[in-house]
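K.L.:
What follows is a single structure, and I will ask about it in a moment.
The values are calculated or read from the model by the stated rules, or taken from the named source; none is laboratory data. Everything quoted here is computed from the prediction, not taken from an experiment. Here Cβ is always computed from backbone atoms with ideal geometry, including for glycine, and neighbour counts include all displayed protein chains. For the accessible areas, the whole protein counts, side chains as well, though only heavy atoms, and no ligand, DNA or RNA atoms are used. Shrake-Rupley method; radii C 1.70, N 1.55, O 1.52, S 1.80 Å.
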Amino acid sequence: MKILFIGDIVGAPGREAVKGLLPKLQKEYKLDFVIANAENAAGGSGITPKVAQELFEGGVNVLTSGDHIWKKREIFEIIDKEERILRPLNFPAGVPGRGFCLFKAKNGSNIGVVNVQGRVFMEALECPFKTTREAIEELSKDTKLIIVDIHAEATSEKVALGWYLDGKASGVLGTHTHIQTADERILPGGCAYITDVGMTGPLDSVIGRRIEDVLERFITGVPTRLEVAKENIQLQGAVLEIDDITGKAESIVRIQRKV
């Protein structure tokens, strides 16, 4: 099975990149399944039903998220009934939505997707290690193909989760920092790993926002509205090839494509 994981989609520029480039990537890699982190897809922060539908129609199968999942109130209209939108698994019990789900890929295989958020330098949620392990145990009843989105700030926490899930997950891919890392590898137990798959949006920016806005905030310390940038749009992510029988990764390739 071939899976594309698209890095954090930022605003309208990021959505345009997906719309323009995903059909080409599907043909080039003969993709069976597409996952995208979309927590910044609506105006640079949050997800709305309209934006989610746009991405689904553009070829994305599942949307993962992170700490910005609740930024748009409209998400509450659909998150309980739309299983293709995941929020971090380790929010407290009773929070709307779901953190993992089983899906059917284009080639007919079952695939599990897990979304979890780190705790280092972020909100104090439930343990990402314990909750992810429990989700994988549940999904493993129906599939050996399991992909984990670890939405976290600290590199150490992401790396640790990769090693913790090696041999249990097919892939552990980091999101949140919007900076693609060059450490993609297959761990000894067959888990594809990368600390951050990157960002889909304006490359001439500060992690997706206008440079002048961010500089003003850093230099003056005064709260400033951070608009989404518009220049040099790029889709970043990773393509994984997974053995359908064993669930072990055979390859992971970083991608960077300009619009």
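K.L.:
Since ASP196 meets every condition but one in (1) among the acidic types (Asp, Glu); (2) open to solvent by less than 10 Å² (accessible area, probe 1.4 Å); (3) more than 14 Å from the chain's Cα centre (by Cα), which condition does it not meet?
P.N.:
(3)
K.L.:
Restrict the check to the stretch 187-197 and report whether at least one residue is part of a loop (DSSP other than H, G, I, E, B), touching a Lys or Arg at 6+ places or on another chain (Cβ under 6 Å) and free of Cβ contacts under 8 Å to residues at least 40 places away in the same chain.
P.N.:
no
K.L.:
Among ILE219, ILE245, which is the only one that is in a loop (DSSP other than H, G, I, E, B) and more than 27 Å from GLY58 (Cα to Cα)? Break it down into steps so the answer makes sense when it comes.
P.N.:
Values: ILE219 fails: in a loop (DSSP other than H, G, I, E, B).
None of the other options fit; the residue is ILE245.
K.L.:
If you don't mind, another one. Restricting to the stretch 106-160, what's the tally of residues that are small (Gly, Ala, Ser) and under 19 Å from ASP8 (Cα atoms)?
P.N.:
Going through the stretch 106-160 one residue at a time, the tally reaches 3.
K.L.:
I'm checking my understanding of the structure. Among residues of the stretch 206-229 that are out of contact with any His (no Cβ under 8 Å at 6 or more places or on another chain) and touching a residue at least 60 places away in the same chain (Cβ under 8 Å), which one is most open to solvent (accessible area, probe 1.4 Å)?
P.N.:
If we take residues in the stretch 206-229 being out of contact with any His (no Cβ under 8 Å at 6 or more places or on another chain) and touching a residue at least 60 places away in the same chain (Cβ under 8 Å), then GLU227 is most open to solvent (accessible area, probe 1.4 Å).
K.L.:
Okay, next question. For the stretch 79-96, which positions are within 23 Å of SER140 (Cα to Cα), open to solvent by less than 20 Å² (accessible area, probe 1.4 Å) and over 15 Å from the mean Cα position of the chain (by Cα)?
P.N.:
The one that is within 23 Å of SER140 (Cα to Cα), open to solvent by less than 20 Å² (accessible area, probe 1.4 Å) and over 15 Å from the mean Cα position of the chain (by Cα): ASN90.
K.L.:
Also: In this structure, does GLU250 turn out to be over 22 Å from ASP32 (Cα atoms) and surrounded by fewer than 18 Cβ atoms within 10 Å (Cβ to Cβ)?
P.N.:
Working: over 22 Å from ASP32 (Cα atoms): no; surrounded by fewer than 18 Cβ atoms within 10 Å (Cβ to Cβ): yes.
No.
K.L.:
If I ask for residues that are among the β-branched types (Val, Ile, Thr) and farther than 19 Å from LEU187 by Cβ, which ones from the stretch 217-244 would you list? Can you show your working first?
P.N.:
At the first step, the residues of the stretch 217-244 found to be among the β-branched types (Val, Ile, Thr) are 219-220, 222, 224, 228, 233, 239, 242.
The answer is ILE219, THR220, VAL222, THR224, VAL228, ILE233.
K.L.:
Please find, within the stretch 133-159, the residue that is most open to solvent (accessible area, probe 1.4 Å) out of those that are over 23 Å from ILE207 (Cβ atoms) and under 19 Å from the mean Cα position of the chain (by Cα). Spell out the reasoning first.
P.N.:
Step one: list which residues in the stretch 133-159 are over 23 Å from ILE207 (Cβ atoms), which gives 133-147.
Applying the additional criterion that residues be under 19 Å from the mean Cα position of the chain (by Cα) yields 133, 135-136, 139, 145-147.
Working: ARG133: 74, ALA135: 3, ILE136: 6, LEU139: 9, LEU145: 4, ILE146: 1, ILE147: 4 Å².
Ranking the qualifying residues of the stretch 133-159, first place goes to ARG133.
K.L.:
Please identify the pairs in which a residue from the stretch 230-259 that is farther than 17 Å from ASN110 by Cβ and touching a residue at least 24 places away in the same chain (Cβ under 8 Å) has its Cβ atom under 8 Å from the Cβ atom of a residue that is of a type in the set (S, T, N, Q) and assigned to a loop (DSSP other than H, G, I, E, B), counting only partners at least 6 apart or on another chain.
P.N.:
GLU231/SER205; GLN236/GLN180; ARG254/GLN180; GLN256/GLN180; LYS258/ASN232
K.L.:
Another question, then. Which of the residues spanning the stretch 102-124 are open to solvent by 20 Å² or more (accessible area, probe 1.4 Å), of a type outside the set (Asp, Glu) and without any contact (Cβ under 8 Å) to a residue 60 or more places away in the chain?
P.N.:
Those that are open to solvent by 20 Å² or more (accessible area, probe 1.4 Å), of a type outside the set (Asp, Glu) and without any contact (Cβ under 8 Å) to a residue 60 or more places away in the chain: LEU102, LYS104, GLY108, ASN110, ARG119, VAL120, PHE121, MET122, ALA124.
K.L.:
Among residues belonging to the stretch 2-45 that are among the charged types (D, E, K, R) and in contact with a helix residue (DSSP H, G or I) (Cβ under 9 Å, 6 or more places away or on another chain), point out the one that is most open to solvent (accessible area, probe 1.4 Å).
P.N.:
Selected residue: LYS19.
K.L.:
Do we have any residue at all in the stretch 53-61 that's within 13 Å of the chain's Cα centre (by Cα) and among the polar types (S, T, N, Q)?
P.N.:
yes
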